[in-house]
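Read through the structure below, which is laid out as structure tokens, and then see the notes.
The values are calculated or read from the model by the stated rules, or taken from the named source; none is laboratory data. Note that the structure is a prediction, hence the values are computed from the model and not measured. Every residue, glycine as well, gets a Cβ built from its backbone with ideal geometry; the counts of neighbours run over all protein chains shown. What goes into the accessible areas is simple: the full protein's heavy atoms, side chains included, and nothing from ligands, DNA or RNA. Shrake-Rupley method; radii C 1.70, N 1.55, O 1.52, S 1.80 Å.
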Amino acid sequence: MTTIQLAKKLPDSNDDGVVKVSAAGAKKYGVPKAGNWWGPLPGAPNFTYTNVKPGTGTPAPTPTPAPEPTPAPTPAPPPAPEPTTPPPPAGTTLTAAVVNGEAALQTPDMTVVLNKFGGIGQVNNAAIPGFRSDLKSGFARIGLYVPPLSDLVLQGRAIEGFGVIIAGKRYANMLLAGYYQIAGGFNGPLMWEGSVSGVEVTQNVTITGKTIRLAVTLRNTTKAALDLQYFRSIDPDQAGQFDTANKVVSAGVAECSVKGGKLAIRAPGADFHVTTYDKAPDIGTRREIGVSKTADEVVQAVFPRASLAADQSATYIVEYEVVTA
């Protein structure tokens with residue numbers, strides 16, 4: 001039996017707690033050998049894995065390297081108790097706190113956690129007292145959760161975050177997908193601040209009802225003009241099914257339909273692009289207004305390129321609204 005502790009979580013396509021690591025993947029992620037690795041183990045330090053299935057004592061056989069499997073419907077999980085944490089009392093508009101470097105936000109309708117790199121999706125797999133999580137899907141941690149829908153970010157490959165292209169070079173913060181290229185942190189639960197390559201990034205968050213609003217300001221801190229472009233990526237998924245019906249409804253508005261509701265994305269001035277989970281940090285293919293496709297896609301709000309003079313700034317707005325039936 002071998003137990004290892006990694007610096008970050010192994011990619012787990014269906015979030016079932018077991019990752020099939022190929023020889024190439026073992027080299028890439030610092031795993032001592034190919035095979036099945038179970039984790040992260042509950043109660044152990046973050047990102048601890050073992051090559052023996054918990055409770056068996058028998059190492060699993062080494063799998064044949066294969067591409068990430070196509071998600072397939074899974075049996076409904078056994079009934080689980082409802083979250084023991086009640087929603088905020090009537091009249092409460094927002095509960096917010098910074099916990100372990102992550103911002104936890106909750107209204108009576110919505111619960112969201114933004115990780116320490118400014119994207120949606122809690123890293124620490126531990127319940128936050130006073131905040132709901134999608135326990136029916138087996139999650140103690142939180143992404144974008146509006147009951148009765150399942151958590152729209154944590155199912156499958158957890159992807160939500162942003163990218164900035166500066167003078168032709170891309171920098172992305174999508175922590176749960178393995179990208180954290182823009183250093184920063186929270187200045188209170190509603191403001192994230194960071195910087196990269198002469199650009200200051202300030203993200204202000206507003207959450208009301210079932211809508212979270214992300215207002216991101218980029219400021220050129222150099223003494224010369226900079227060409228840049230901002231975009232935001234999200235891969236909405238639902239329990240047992242990674243495909244969503246993704247449609248560009250109108251200029252700056254897209255919708256991702258799931259069973260029992262939808263995720264509306266509003267980004268004034270932006271076009272919408274789509275790509276696959278492994279290419280989320282790069283801008284994908286533009287989708288025209290009126291076009292809809294049902295697939296496991298990453299949907300991106302892509303804003304026009306801009307040239308900022310020294311000390312000049314530009315602000316970009318992205319809103320996620322969860323609509324329940």
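Given that compact globular proteins tend to follow 2.2 N^0.38 Å, what is the ratio of the alpha-carbon Rg of the range 135-201 to that value? Let's see the in-between values first.
Numbers: Rg = 14.7 Å, N = 67, 2.2 N^0.38 = 10.9 Å.
The value comes to 1.35.
Between residue 16 and residue 245, full extension at 0.36 nm per residue minus the direct alpha carbon distance yields a gain of 80.1 nm. Give me the one-decimal nm value for the distance between modelled label points at residue 191 and residue 307, 7 Å along each residue's Cα-to-Cβ direction. That separation, rounded to one decimal, is 3.2 nm. Legend: residue pairs 33/53; 169/262; 53/136; 169/279; 136/259; 28/136, Cα-Cα distance threshold 26 Å; pairs beyond threshold, 169/262; 28/136. Accessible surface of residue 41 in the full protein assembly, 1.4 angstrom probe, to the nearest 10 Å²? Residue 41 has an accessible surface of roughly 40 Å² with all protein chains in place. Computed over protein heavy atoms with a 1.4 angstrom probe, the accessible surface ordering of 27, 247, 279, largest first, is 27, 279, 247.
Only lysines eight or more places from residue 27 in sequence, or on another chain, were considered; those with a Cα closer than 17 Å are 8, 9.
Here the dipole of the range 232-310 is about 280 debye; that uses its Cα centre as origin and unit charges on the Cβ of Lys and Arg (positive) and Asp and Glu (negative). Extension gain, residue 285 to residue 135: 0.36 nm times the residue separation minus the Cα-Cα distance gives 50.5 nm.
Taking 56 Å as R0, compute the FRET efficiency from the Cβ-Cβ separation of residue 227 and residue 3 and round it to 0.05. That gives a FRET efficiency of 0.70. Here the range 174-266 has 49 percent of its accessible surface on carbon and sulfur atoms, given a 1.4 Å probe and all protein chains in place. Residue ranking by accessible heavy-atom surface, 1.4 Å probe, largest first, among 50, 222, 294 comes out as 294, 222, 50.
Here's the picture: charge each Lys and Arg Cβ at +1 and each Asp and Glu Cβ at -1 in the chain, and of 275, 204, 248 the one pushed furthest to the positive end of that dipole is 275.
Each residue was assigned an accessible area with a 1.4 Å probe, and for residue 29 the value is about 80 Å².
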